[in-house]
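Working notes, structure below.
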Amino acid sequence: GSAHGIGVENLRGSGMIAGETSRAYDEIFTLSYVTGRSVGIGAYLVRLGQRVIQMKNGPMLLTGYSALNKLLGREVYTSQDQLGGPQIMFPNGVSHDVVDNDQEGVASILKWLSFVPKSVNTLPATRGCADPVSRDVEFRPSPTPYDPRLMLAGTKDQKGFFDENSFKEYLAGWGKSVVVGRGRLGGIPMGAIAVETRLVEQVVPADPADPNSREAILPQAGQVLFPDSSYKTAQAIRDFNKEGLPVMIFANWRGFSGGSRDMAGEILKFGAMIVDALREYEHPVYIYLPPHGELRGGSWVVVDPTINEEKMTMFADPDSRGGILEPAGITEVKFRVPDQLKVMHRIDPQLQLLDSELEMTDD
């Protein structure tokens, strides 16, 4: 530009800020609170810091809706919220938490800071707790689908795994087949990853710029890793590592979703990211198979303690199960139809009677 600092110098300055913000995520604890409109490089800086709390009136966007309307040649968008409001940024995993006002925002910041060590490379602050660490976990998972948050936080009548009223969930709108949060165990802050056992839905919004697009609701089965939940798991492990927290993974997966849509959705890439995150983890990692839980095939592989033997330990409840395949899958491979027919004719009285009648007919 004609005035110094308005042209590419401004862009270079933005690039410098972006580089420093990315470097800060690796070196210190970073947390952004979006209380107003965040546009262009401002939105990128928020994402580069990774941890984001968004107020409902604070959209994050790359280009304003007016400019997009001019580009498209018609009035398509009517507000900035359509591009980067909480209804967009919470379900896609950019925003970890959404608040209604600044008071809730500051409270959420303080809550998050309470889990973080005072300085880098120090242990997390231990807080005195009236909930004794030696008590039993009263909530017991059932063989039928249940809410895993109850196992972590407990109910009014039954105490959960973490200290009472200490668990806080993050990234609740994204990758709903996995539950991620932070809590305290005996006053010690920990990261937590649990598995949703119920059917959940992924909502893909319609694009206002495309008159033929429609909102899509994609069902996702419980105990299965999908592309979004795999990415969410890997991202949470990386965040916990940078925060200096030990992590408890309540492993209860039947495997990865390997259908055409999910293979095209880069599930191989995101599943491998879980291994990368655990290999780099510098703090204790506890893998626990909860009661009536199961860990099969590839989902076992990506959390196996041999990935990082110095830091990872695995435990299993007596009522949990693990293996390469589920019983139904093993039957398909090891007990094929000809073998099934032989056994049927050997042990079924009705078939034996029919076989004898056929033999008599042949004679």
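In the stretch 6-20, is there at least one residue being open to solvent by less than 50 Å² (accessible area, probe 1.4 Å) and not in a helix (DSSP H, G or I)? Full working, then the answer.
We begin by selecting, within the stretch 6-20, every residue open to solvent by less than 50 Å² (accessible area, probe 1.4 Å); these are 7, 13-15, 18-19.
Subset that is not in a helix (DSSP H, G or I): 7.
Yes - at least one qualifying residue is present in the stretch 6-20.
How about the stretch 348-363: which of its residues are outside any helix (DSSP H, G or I) and either in contact with a Pro (Cβ under 9 Å, 6 or more places away or on another chain) or open to solvent by less than 80 Å² (accessible area, probe 1.4 Å) (or both)? Steps first, please.
Restricting attention to the stretch 348-363, the residues satisfying the condition of being outside any helix (DSSP H, G or I) are 348, 363.
The one that is outside any helix (DSSP H, G or I) and either in contact with a Pro (Cβ under 9 Å, 6 or more places away or on another chain) or open to solvent by less than 80 Å² (accessible area, probe 1.4 Å) (or both): D348.
Kindly state which helices (runs of 4 or more DSSP H) lie completely within the stretch 66-116 and contain at least 2 residues that are under 14 Å from S32 (Cα atoms) and under 25 Å from the mean Cα position of the chain (by Cα). Even if it seems obvious, please write down each step before you answer.
Values: elements: 81-84, 86-89, 102-113.
In the stretch 66-116, the matching helices (runs of 4 or more DSSP H) lie at 102-113.
For the stretch 244-263, name all the residues that are farther than 24 Å from T30 by Cβ, in a loop (DSSP other than H, G, I, E, B), open to solvent by 10 Å² or more (accessible area, probe 1.4 Å) and in contact (Cβ under 8 Å) with a residue 24 or more places away in the chain. Spell out how you get there, then give the answer.
Looking only at the stretch 244-263, we keep the residues that are farther than 24 Å from T30 by Cβ, and these are 250-263.
Going one step further and asking which of them are in a loop (DSSP other than H, G, I, E, B), we end up with 251-254, 257-259.
Checking the rest, the ones that are also open to solvent by 10 Å² or more (accessible area, probe 1.4 Å) come to 254, 257-259.
Passing the criteria: R254, S257.
Can you work out which of the residues in the stretch 47-65 that are assigned to a loop (DSSP other than H, G, I, E, B) and touching a His at 6+ places or on another chain (Cβ under 9 Å) is most open to solvent (accessible area, probe 1.4 Å)? Lay out the reasoning, then the answer.
First, pick out the residues of the stretch 47-65 that are assigned to a loop (DSSP other than H, G, I, E, B): 49-51, 56-59, 62-64.
The next check asks that each one be touching a His at 6+ places or on another chain (Cβ under 9 Å); those that pass are 50-51.
Values: Q50: 32, R51: 0 Å².
Per the stated criteria, the residue is Q50.
Residue-by-condition table, conditions (1) within 20 Å of the chain's Cα centre (by Cα); (2) loosely packed, with under 14 Cβ neighbours inside 10 Å; (3) at positive phi; (4) assigned to a helix (DSSP H, G or I):
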| site | (1), (2), (3), (4) |
| --- | --- |
| P291 | no, no, no, no |
| V303 | yes, no, no, no |
| G322 | no, no, no, no |
| L325 | no, no, no, no |
| A328 | no, yes, no, yes |
| E332 | no, yes, no, yes |
| P338 | no, yes, no, yes |
| L341 | no, yes, no, yes |
| R346 | no, yes, no, yes |
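Cβ-Cβ below 6 Å, separation at least six or inter-chain, first residue in the stretch 172-191 and within 14 Å of A236 (Cβ to Cβ), second among the hydroxyl-bearing types (S, T, Y) and surrounded by 19 or more Cβ atoms within 10 Å (Cβ to Cβ): which pairs?
G175/S229; S177/S229; V178/S229; V178/T233; V180/Y170; G181/Y170; G183/S166
Are any residues in the stretch 178-196 assigned to a loop (DSSP other than H, G, I, E, B) and at pLDDT below 95, and if so, which ones? Before you say what the answer is, go through the steps one by one.
Here is the first cut: in the stretch 178-196, the ones assigned to a loop (DSSP other than H, G, I, E, B) are 186-187, 196.
Scanning the stretch 178-196 gives G186, G187.
If you go through the stretch 64-81 one residue at a time, do you hit one that is under 30 Å from K242 (Cα atoms), in contact (Cβ under 8 Å) with a residue 12 or more places away in the chain and not charged (D, E, K, R)? Quick ask: steps written out before the conclusion?
Restricting attention to the stretch 64-81, the residues satisfying the condition of being under 30 Å from K242 (Cα atoms) are none.
Among the residues of the stretch 64-81, not one is under 30 Å from K242 (Cα atoms), in contact (Cβ under 8 Å) with a residue 12 or more places away in the chain and not charged (D, E, K, R), which makes the answer no.
If we keep just the residues of the stretch 264-289 that are among the aromatic types (F, W, Y) and farther than 20 Å from Q220 by Cα, which is most open to solvent (accessible area, probe 1.4 Å)?
Within the stretch 264-289, the first condition is being among the aromatic types (F, W, Y), and the residues that meet it are 270, 281, 286, 288.
Keeping just the survivors that are farther than 20 Å from Q220 by Cα gives 281, 286, 288.
Values: Y281: 6, Y286: 77, Y288: 54 Å².
Checking each candidate, the answer is Y286.
The rows are residues; the columns are (1) in contact (Cβ under 8 Å) with a residue 60 or more places away in the chain; (2) within 23 Å of R47 (Cβ to Cβ); (3) of a type in the set (D, E); (4) surrounded by fewer than 14 Cβ atoms within 10 Å (Cβ to Cβ).
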| position | (1), (2), (3), (4) |
| --- | --- |
| I88 | yes, yes, no, no |
| L110 | no, yes, no, yes |
| T122 | yes, no, no, yes |
| S134 | no, no, no, yes |
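Could you tell me whether the stretch 31-45 includes any residue that is in a helix (DSSP H, G or I), within 24 Å of K242 (Cα to Cα), open to solvent by 50 Å² or more (accessible area, probe 1.4 Å) and out of contact with any Ser or Thr (no Cβ under 6 Å at 6 or more places or on another chain)? If you could, list the steps in order and put the result at the bottom.
Initially, the stretch 31-45 is screened for residues in a helix (DSSP H, G or I), giving 41-45.
Retained after the next criterion (residues that are within 24 Å of K242 (Cα to Cα)): 41-45.
Narrowing further to those that are open to solvent by 50 Å² or more (accessible area, probe 1.4 Å): 41, 44.
Next cut, out of contact with any Ser or Thr (no Cβ under 6 Å at 6 or more places or on another chain) only: 44.
Yes.
Considering only residues that are free of Cβ contacts under 8 Å to residues at least 60 places away in the same chain and outside any helix (DSSP H, G or I), look in the stretch 216-243 and name the one that is farthest from G183 (Cα to Cα).
Here the answer is A216.
Among the residues in the stretch 254-265, are any at pLDDT below 95 and of a type in the set (D, E)?
Yes, because at least one residue in the stretch 254-265 is at pLDDT below 95 and of a type in the set (D, E).
Given the conditions (1) under 24 Å from L225 (Cβ atoms); (2) part of a helix (DSSP H, G or I), and given that M314 satisfies all but one, which numbered condition is not satisfied?
In the conditions (1) under 24 Å from L225 (Cβ atoms); (2) part of a helix (DSSP H, G or I), M314 misses (2) alone.
Testing K269 on (1) within 30 Å of S142 (Cβ to Cβ); (2) in a helix (DSSP H, G or I), one condition comes back false. Which one is that?
Failing condition for K269: (1).
The values are calculated or read from the model by the stated rules, or taken from the named source; none is laboratory data. This one's a predicted model, so the numbers in the text were calculated from it and none came from an experiment. A quick note on method: Cβ atoms are made from the backbone with ideal geometry, for glycine too, and the neighbour counts reach across all protein chains shown. Keep in mind that these areas ignore ligands, DNA and RNA; they rest on the heavy atoms of the full protein, side chains included. Shrake-Rupley method; radii C 1.70, N 1.55, O 1.52, S 1.80 Å.
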